[in-house]
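The values are calculated or read from the model by the stated rules, or taken from the named source; none is laboratory data. From a predicted model like this one, the values you see are computed outputs, not experimental measurements. Positions of Cβ are backbone-derived with ideal geometry, glycine not excepted, and every protein chain shown enters the neighbour counts.
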Amino acid sequence: MTAGLEIAGSDCMVIDLETRHDSAALAAQRVRKIHQTAARDRCHKIDSVLRGNWPHEVKALLDMGFAIDVVPSFPDAGRRCLDGVVYVDNVPVAESASAADALNPIKSSRPMELLRAAGCMDRDVRVIDANDNNELAKAAQRCRAEGRMLVGPSGAIQAFAATFGRPPSRQEFVLRTPILVVCGSLHPVSRTQIQHLQCPLYTLNETFQISDYLTVLTTIEPTRTPDLNAASATARALASLSNSAAPVGTLVVIGGDTAAAILGNEPVKVLGNLEVAIPVSDRNGQLLVTKGGGIGKPDTLLDLLSA
């Protein structure tokens, strides 16, 4: 759910502030506004590979009087923090495949360096190591016991939610056909994943038709580094085509900006996880599967959709 909607009548809610491509000042402004909303407990999600304005968002939270624990780990998805360095599949994040993101290049593998550059030093903020799930659980428990706000990727927030004693969802999902996969991500992981799918694959400049089982709609690999305007236009074009397509039972969206363009302010109900870091939701009766560009292995999509 995006930041324009009112929070009411829900046990737990996620609000997308859409700050990754904003200026640092606007990102901080949105954070200050949303965190004025009354809540018993709260977390602040950041990108698992440290992209975006999150250090400036942390500074805004510190200015509001919150004590912050940055826990930049999601071990099940290959993200972990050891000795203050964030790794992706055992590679420092600033040296990983995500480092050269066209719109949000990663400047450091050390969250504290990014916080220092944003003016967060000598403030009540800590970066907590979590090299495995056991350490992640301890970090989340410590954070809640000391009344601090947890800032981290979805895996860290999941660990915080587990401190309330609720068992994790074990529900299994059967994807409804026909399935449409929409890929706007340029990350090499996702590009490899869709190439491994044995199904009709269409690009934006082609007339596409939904097959009985599985269809892929994707972008063309750019010949030059895209700017924000070009990336936004591409995401909107993908959204327009996918939203006007024939009805599908399951929509699989790859890439956060693409998902934001497709959903807009439309709320969805998260049902659980199809796989690690791949949530499945109810979109007004349609199953919606969302996946970050760098999430998974080369055959992750093939395995999930074949099953």
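Here are the numbers for the structure shown:
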read-out: Total residues in the range 140-170, condition on the phi > 0 side of the Ramachandran plot and at pLDDT below 95; value: 1
read-out: Any hit, the range 30-45, residues being within 22 Å of Ala99 (Cβ to Cβ) and either at pLDDT 95 or above or buried (at least 16 other Cβ atoms within 10 Å of the Cβ) (or both); value: yes
read-out: Any hit, the range 109-116, residues being out of contact with any strand residue (DSSP E or B) (no Cβ under 6 Å at 6 or more places or on another chain), in contact (Cβ under 8 Å) with a residue 24 or more places away in the chain and at positive phi; value: no
read-out: Test result for Thr192, in a loop (DSSP other than H, G, I, E, B) and either of a type in the set (S, T, N, Q) or modelled with pLDDT of 90 or more (or both); value: no
read-out: One residue from Gly155, Gly184 being assigned by TED's automatic domain parsing to the domain that holds Ala67, buried (at least 21 other Cβ atoms within 10 Å of the Cβ), touching a residue at least 24 places away in the same chain (Cβ under 8 Å) and within 20 Å of the chain's Cα centre (by Cα); value: Gly155
read-out: Some residue of the range 234-257 being more than 20 Å from Glu275 (Cα to Cα), in contact (Cβ under 8 Å) with a residue 60 or more places away in the chain, loosely packed, with under 14 Cβ neighbours inside 10 Å and under 23 Å from the mean Cα position of the chain (by Cα); value: no
read-out: Candidates Leu115, Leu50, Leu136, filtered to the one that is assigned to a helix (DSSP H, G or I) and closer than 27 Å to Lys33 by Cα; value: Leu115
read-out: Residue selected from the range 267-307 under the condition among the small types (Gly, Ala, Ser) and assigned to a strand (DSSP E or B), by the criterion surrounded by the fewest Cβ atoms within 10 Å (Cβ to Cβ); value: Gly272
